[in-house]
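Contents: one structure, followed by commentary.
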Amino acid sequence: MALHAVSPAAAASPPCALSSARLPQRPDIRKPLTVVILHNSGAVLRHATNEEIEEEKMIVEEQAKEKMEKAIETVQSNFNTVRTGRANPSMLDRIEVEYYGTPVNLKTIAQINTPDATSLLIQPYDKSCLKLIEKAIVAANIGVTPSNDGEVIRVTVPPLTSDRRKEMTKNVAKLSEEGKVAIRNIRRDAIKAYDKLEKKITDEYMKKVEAIQKQKEQELSKV
């Protein structure tokens, strides 16, 4: 006897179609879970057991954790773009250059090095885009001034002033809050998925109560 989980659409198909269909390994948690038991004589449908629903809850939790980890990675990536007092190539991560009419990330058209703690050296693969890169860095308003010598672009990272430090601190707080909002949204979606599974269990037992009620009423109706 083999046990498989299928969606309601697949469960509604004739038994012959079910036995030959490719069943998904991980059922869609957003839809009611139906279990198909395949016998030699055909297919028998039944509702999922509590154990199977608990397994689905574990899947919901795992998926939520994976999404939250990605949210943390995004926050860290955003933090890397915030300039501190030291030169770091990641501070240019979000800069896009209009290259032949198409916006492209700076790192895809140039090599960026840190010759020392206070400067960046940008070497474009195509020297014809030096001015475009210089323009993009200025427009990014990250608190640095690029210097174009016709061969490379040098960027000196000045020490943060008190006002600039406060501004960057506020920016970090804003990026942090965005990360927290993303995590809360993931949590909300996971709770909704949990609630659907819990409601399914409740509905099944309510139907059992109604069934035994109907049975008792039939007994009472007999003369």
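Read-outs: derived from the displayed coordinates by stated rules, not from any lab. Not measured: the values here are computed from a predicted model. Every residue, glycine among them, receives a Cβ derived from its backbone with ideal geometry; neighbour counts consider all protein chains shown.
Scan region 178-223 for residues that are without any contact (Cβ under 8 Å) to a residue 40 or more places away in the chain and farther than 23 Å from Lys67 by Cβ and the total you get is 21. The single condition among (1) exposed (fewer than 15 other Cβ atoms within 10 Å of the Cβ); (2) free of Cβ contacts under 8 Å to residues at least 24 places away in the same chain; (3) on the phi < 0 side of the Ramachandran plot that Ala117 does not meet is (2). Within region 160-172, is there a residue that is in contact (Cβ under 8 Å) with a residue 24 or more places away in the chain and in contact with a strand residue (DSSP E or B) (Cβ under 9 Å, 6 or more places away or on another chain)? No - not one qualifying residue is present in region 160-172. So how many residues does region 75-115 have that are in a strand (DSSP E or B), of a type in the set (Val, Ile, Thr) and either under 24 Å from the mean Cα position of the chain (by Cα) or closer than 16 Å to Arg154 by Cβ (or both)? Number satisfying all stated conditions: 3.
Of the residues making up region 57-74, those that are under 12 Å from the mean Cα position of the chain (by Cα), hydrophobic (A, V, I, L, M, F, W, C) and surrounded by 14 or more Cβ atoms within 10 Å (Cβ to Cβ) are Ala64, Met68, Ala71. None of Tyr205, Tyr194 is of a type outside the set (A, V, I, L, M), surrounded by 14 or more Cβ atoms within 10 Å (Cβ to Cβ) and under 30 Å from Asn50 (Cβ atoms) except Tyr194. On the stretch given as region 116-141, residues that are part of a strand (DSSP E or B) and charged (D, E, K, R) total 1. In region 148-164, the qualifying residues are those that are surrounded by 12 or more Cβ atoms within 10 Å (Cβ to Cβ) and polar (S, T, N, Q), and the one that is nearest to Leu106 (Cα to Cα) is Asn148.
Yes or no: Arg187 part of a helix (DSSP H, G or I) and closer than 30 Å to Ser119 by Cβ? Against the criterion (part of a helix (DSSP H, G or I) and closer than 30 Å to Ser119 by Cβ), Arg187 does not qualify.
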